[in-house]
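Student: Quick one: the structure is below, questions incoming.
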Amino acid sequence: MSMNLLVVEDDERVRRFVRRGLQAEGHTVTLARDGPDGFERARHEDYDVVILDVMLPGIDGNQVCSRLRSERRAMPIMMLTALDQTDQKVSALRGGADDYLTKPFDFDELLARIEALGRRSKKLARQDSEIIQLGSLSIDKASMTVHYEGRDIELTAKEFGLLELFAESRGRVLSRTRILNKIWGYDSDPLTNIVDVYVRRLRGKMDWGPQTGWIRTVRSYGYKMQPMLD
C-alpha cells in the first residue's frame, strides 16, 4: 500500500533517515523543517499520514496538530518526541494525535505504525463513501438501509435505488427517461408511468408531500430532490 506522507522534523539527520527508509518502502515523502511549514503543507494537500515531531521551531507539533484538527483536517497524525513522559503523551493524544512514538525509535516499528494508521484511514474513507448523510436522512449503500427523522424506513430494492439516485443527484433535475435508464435499465417507454408510481410510493414511505417534501415534481420533465436541511 503506497502512501503519500508528510514528515515534519527539524533534525536533518532524523528527517533524511526517515525519508530514505519510507521511500525504500515505496511511499511518497514530503519534508518540512518547522511547524509553520508543516502546518501549511498539511492544510493544502491531502496526506495519508502526517509524521509530526513535537519539538519544532516556530510552533510546536502539538500546536500544529490542534490547529489542523480545528480546521477539520482528518488525516492521521503520528507524533514523534524525545520526551517519554506520560503527561506529554496524554497531551498529544488529547490534542488530536492518533499515535505517539518516542525517540530513539526502531524504524520497523515506525513503519508498522504508519501503515496501520494508513489502513485505518482508508477503511474509514471507504465506509464514509458508502453512507449518504443529508440532515436527518441517512442512506447506507452497503447495507441498503435508510434512517430518517429517528426511524428506519423499509424500502424495496427499486425504491432504495430510486432514493439513492435522487440523493446523489440532489439539486439537479432528473428526467423520467434518465430515471428509467438508471433504475430499470431501459431508456423510455411511453406506455408506462412506472417512475411516477415509484415516486409516489417513496414519498408515502418518507411522509413527503408532492410540493412539501424533498422530491419535487418538475412539470412535463421529471423530478428533483431538494433536501430541506436545518
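Student: Where in region 134-171 are there GluC sites (Glu not before Pro) that are in a DSSP coil and have at most 15 other Cβ atoms within 10 angstrom of their Cβ?
Tutor: Taking region 134-171 and a limit of 15 other Cβ atoms within 10 Å, the loop GluC sites (Glu not before Pro) found are E149, E154.
Student: Still on this structure: To the nearest 10 square angstrom, what accessible area does W184 show with a 1.4 Å probe?
Tutor: 50 Å²
Student: With a cut-off of 8 Å between alpha carbons and a minimum separation of six or more residues, what is the relative contact order of region 1-107 in percent?
Tutor: For region 1-107, the relative contact order is 24 percent.
Student: On a 0 to 90 degree scale, rounded to 10, what angle separates helix 61-70 from the longest Cα axis of the chain?
Tutor: With rounding to tens, the tilt is 10 degrees.
Student: Can you show me the helix-derived [θ] at 222 nm for the chain, built from DSSP H runs with n ≥ 4 at -39,500 (n - 2.57) apiece and divided by the number of residues, rounded to the nearest 500.
Tutor: Taking each H run of at least 4 residues, the total per residue is -12500 deg cm²/dmol.
Student: Let me ask something else about it. Heavy-atom accessible area per residue, the chain, 1.4 Å probe: how many Å²?
Tutor: Value returned for the chain: 55 Å² of accessible area per residue.
Student: Here's something else I'd like to know. How big is region 1-97 along each principal axis, measuring the range of its Cα positions in Å and listing the largest first?
Tutor: Principal-axis extents of the Cα atoms in region 1-97, largest first: 34, 28, 24 Å.
Student: Related question: Taking every DSSP beta bridge that has both residues in the chain, what percent is antiparallel when rounded to the nearest 5?
Tutor: The answer is about 50 percent antiparallel.
Student: Per Stokes-Einstein, at 10 °C and 1.306 mPa s, what whole-number D in µm² s⁻¹ belongs to region 1-55, with the Kirkwood radius over Cα pairs as the hydrodynamic radius?
Tutor: 143 µm²/s
Student: In addition: So who's got an amide H within less than 5 Å of the one on V29, skipping anything under 5 residues away but keeping other chains? H placed 1.01 Å off N, in plane.
Tutor: Under 5 Å from the amide H of V29 lie the amide H atoms of L5, each far enough along the sequence or on another chain.
Student: Kirkwood hydrodynamic radius, region 50-114, all distinct C-alpha pairs: what's the number in Å?
Tutor: One decimal place: 11.9 Å for the Kirkwood radius.
Student: Computing the accessible area with a 1.4 Å probe over protein heavy atoms, can you report the carbon and sulfur percentage for region 24-141?
Tutor: Carbon and sulfur together cover 45 percent of it.
Student: Now, a different point. Heads up, I need the accessible area for V14: 1.4 angstrom probe, whole protein in place, Å², nearest 10.
Tutor: Roll a 1.4 Å probe over it and V14 shows about 20 Å².
Student: With the dipole of region 65-177 worked out from charges on the C-beta (+1 for Lys and Arg, -1 for Asp and Glu) around the Cα centre, which of S66, A142, A116 lies farthest toward the positive end?
Tutor: Among S66, A142, A116, the one farthest towards the positive end of the dipole of region 65-177 is S66.
The values are calculated or read from the model by the stated rules, or taken from the named source; none is laboratory data. Fair warning: this is a prediction, and the values are worked out from it, not measured in the lab. Note that we place each Cβ from the backbone using ideal geometry, even for glycine, and neighbour counts take in every protein chain shown. The protein model used for the area step is the full one, side chains on, heavy atoms only, and it has no ligands, DNA or RNA in it. Shrake-Rupley method; radii C 1.70, N 1.55, O 1.52, S 1.80 Å.
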